[in-house]
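Trainee: Have a look at this one before I ask anything.
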Amino acid sequence: MIAIRKHITLALGYFFLVALLGVVLRLFSFAEVPATFRFLVHTHSHVALLGWVYVAITSLIYIIFLKDAGIDKRYRRIFWFTQISILGMLLSFPFQGYALFSIIFSTLFLIASYFFAWMVLTKTPTEFKSRFSYKCIKASLIYMVISSIGPWALGGIMSTLGSTSIWYKLAIYFYLHFQYNAWFILALCGIIFFIAERKNLNISSSDFNRFYIYINVAIILTFFLSVLWTQPNAIFYNLAGIGAVIQVFAFLKFFSIFKKAGLGKVVASFSKLLLKIAAWVLGVKLIAQLLSALPFFADLAYKTPDFVIGYLHWVFLGLISPFLFALMHHFNLMKVSKIGFWIFFTGFIITELILLYRGLAMWQRWQMPDDIAIYLFAGSCLFPIGIGWILLENLKEKY
C-alpha cells in the first residue's frame with residue numbers, strides 16, 4: 001500500500017524549503033549573503049515546480065486513477081527515482097548553478113517524469129479512460145512532455161548561441177508556459193472533473209467538449225504571449241490575442257459547467273473557499289494575459305522585472321497552491337490549517353502589492369521608499385511561517 005499522505009507531506013516539505021529560499025533571496029537586496037544569487041534562484045524555481053507542485057499533482061493522479069491498478073511497486077520505484085533527482089538538484093544548484101551535476105539530476109528528473117506519464121497513460125484501468133477527468137489528465141501529461149523540449153534545447157542553445165541569445169529565453173518561456181498554463185492547470189481541472197464524476201454530478205458531453213476544445217486551442221495560442229517581448233511580426237500579436245480571448249471563453253465554460261452541476265454542494269466549506277480564492281486569482285490572470293497581448297503592455301512587462309516576478313508568483317502562490325490545498329483537503333490527504341493558510345495568503349497579498357507598487361514606481365518614475373526591500377523581505381517571511389504551520393500540523397497528525 002502506497003503511503004500517499006506521506007508523499008504529500010514530503011511535497012509540503014519541499015514547499016517549506018522553497019519559501020525559506022525565497023526569504024534568503026529577498027535578503028540579497030539589503031544584506032551581504034554568502035551565496036550566489038543566480039544559483040539560489042535556479043534552486044528556488046526548480047524545487048518549487050518539481051518538488052512541491054509536481055509531487056503533489058502526481059500523488060493526486062495516482063490516488064484517483066492508479067491506487068487499485070496493481071502497480072504499487074512500479075509507482076514506488078518511479079516516485080523514489082524522482083525524489084533522488086529533486087534532492088540532487090536541491091544540493092547541486094545552490095553551489096554550481098547550471099553545471100554538470102545539476103544538469104545530470106535535471107535530466108534524471110525529466111526521464112522520471114516520462115516514466116510517470118507512460119505509467120498513467122498505459123496502466124490506468126479501462127473504466128476511467130472514457131471519463132472527462134482522464135481526458136484532461138491525459139492531455140496535461142502530454143503537455144508536460146512537450147514542455148520538456150525547452151530544457152532539452154537549452155544545452156544546444158548554450159553551446160552554440162550562448163545564454164544571451166533570445167532563443168535561450170524562449171526555451172525557458174516555452175517550458176514555463178506548458179508547465180504553468182497546460183500541465184499544472186489542466187491536470188487540476190481534470191481532478192475537479194473527477195470529483196464531480198465521483199459524486200455523480202450531471203455534466204453534458206457537449207459542454208465538456210466545448211471546454212476541452214477551447215482550452216487546448218488556448219494553450220497552444222497563448223504560448224505566443226511568451227514571444228511578444230521580441231517584438232515579432234504582427235501575426236504573432238494576433239495569434240496571442242486570439243488565444244487569450246479563447247482562454248477566457250474556456251474558463252467561463254468551465255465555471256458554467258460546475259455551477260450548473262452543483263459542485264459547491266459536494267465540496268466541504270473550507271475546500272470550497274480555497275477554490276473560490278483560486279478562481280478569483282485565475283480571473284485576474286486571464287485579464288493580465290489579455291492585456292499582455294497588446295504591444296504596449298507586452299513591452300512594459302518585459303522591461304519591468306517586478307511585473308514578471310509578480311505574475312509568476314500570482315499564478316504559483318495565488319492560484320496553483322490554494323488549488324492544491326483545496327484538493328488535498330478534499331481528499332483527506334492533508335490537514336490544511338486555517339491559521340497556517342491565512343498567514344501564507346497574507347504574505348501573498350502583501351508581497352504582490354509591494355511588487356505591483358515597485359513595478360508601477362519604476363514605470364512611472366515615482367519615488368520609492370528606501371526600505372521597500374525590507375518590507376518585501378518581511379512580507380516574504382510569512383510564507384515559511386504559514387507553510388511551516390501547515391507542515392507541523394501534518395507531521396503531528398496520525399492518519
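Where a number appears in this text, it was derived from the coordinates with a stated rule and is not lab data. The model shown is predicted, which means the values in this text are computed figures rather than measured ones. Here the Cβ positions follow ideal geometry from the backbone for every residue, glycine too, while neighbour counts run over all protein chains shown.
Trainee: So for region 111-128 (the condition being closer than 24 Å to Phe208 by Cβ and assigned to a loop (DSSP other than H, G, I, E, B)), does at least one residue qualify?
Mentor: Yes, that holds for at least one residue.
Trainee: Sticking with this one: Answer yes or no as to whether Ser133 is more than 19 Å from His7 (Cα to Cα), among the hydroxyl-bearing types (Ser, Thr, Tyr) and touching a helix residue (DSSP H, G or I) at 6+ places or on another chain (Cβ under 8 Å).
Mentor: Values: more than 19 Å from His7 (Cα to Cα): yes; among the hydroxyl-bearing types (Ser, Thr, Tyr): yes; touching a helix residue (DSSP H, G or I) at 6+ places or on another chain (Cβ under 8 Å): yes.
Answer is yes for this residue.
Trainee: If a residue counts only when it is crowded, with 16+ Cβ neighbours inside 10 Å and in contact with a Phe, Trp or Tyr (Cβ under 7 Å, 6 or more places away or on another chain), which helices (runs of 4 or more DSSP H) contained entirely in region 138-204 have at least 3 such residues?
Mentor: Values: elements: 149-160, 166-177, 185-198.
Filter on region 138-204 gives 149-160, 185-198.
Yes/no matrix, rows are residues, columns are (1) of a type in the set (A, V, I, L, M); (2) in a helix (DSSP H, G or I):
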position: Ile61; (1), (2): yes, yes
position: Ile64; (1), (2): yes, yes
position: Tyr75; (1), (2): no, yes
position: Ile78; (1), (2): yes, yes
position: Gly88; (1), (2): no, yes
position: Phe93; (1), (2): no, yes
position: Tyr98; (1), (2): no, no
position: Ile103; (1), (2): yes, yes
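Trainee: Restricting attention to region 336-352, which residues are aliphatic (A, V, I, L, M) and over 18 Å from Leu25 (Cα atoms)?
Mentor: If the condition is that a residue be aliphatic (A, V, I, L, M) and over 18 Å from Leu25 (Cα atoms), then Val336, Ile339, Ile343, Ile349 are the ones that fit.
Trainee: Would you say Val33 is closer than 23 Å to Tyr311 by Cβ, in contact with a helix residue (DSSP H, G or I) (Cβ under 7 Å, 6 or more places away or on another chain) and surrounded by fewer than 18 Cβ atoms within 10 Å (Cβ to Cβ)? Break it down stepwise before answering.
Mentor: Numbers: closer than 23 Å to Tyr311 by Cβ: no; in contact with a helix residue (DSSP H, G or I) (Cβ under 7 Å, 6 or more places away or on another chain): yes; surrounded by fewer than 18 Cβ atoms within 10 Å (Cβ to Cβ): yes.
Criteria not met by Val33.
Trainee: Would you mind finding the one in Leu286, Leu225, Leu252 that is part of a helix (DSSP H, G or I) and either among the basic types (Lys, Arg) or out of contact with any helix residue (DSSP H, G or I) (no Cβ under 7 Å at 6 or more places or on another chain) (or both)?
Mentor: On the way: Leu286 fails: either among the basic types (Lys, Arg) or out of contact with any helix residue (DSSP H, G or I) (no Cβ under 7 Å at 6 or more places or on another chain) (or both); Leu225 fails: either among the basic types (Lys, Arg) or out of contact with any helix residue (DSSP H, G or I) (no Cβ under 7 Å at 6 or more places or on another chain) (or both).
Unique residue meeting the criteria: Leu252.
Trainee: Across region 41-88, what is the total count of residues that are within 11 Å of the chain's Cα centre (by Cα) and among the hydroxyl-bearing types (Ser, Thr, Tyr)?
Mentor: The qualifying residues number 2.
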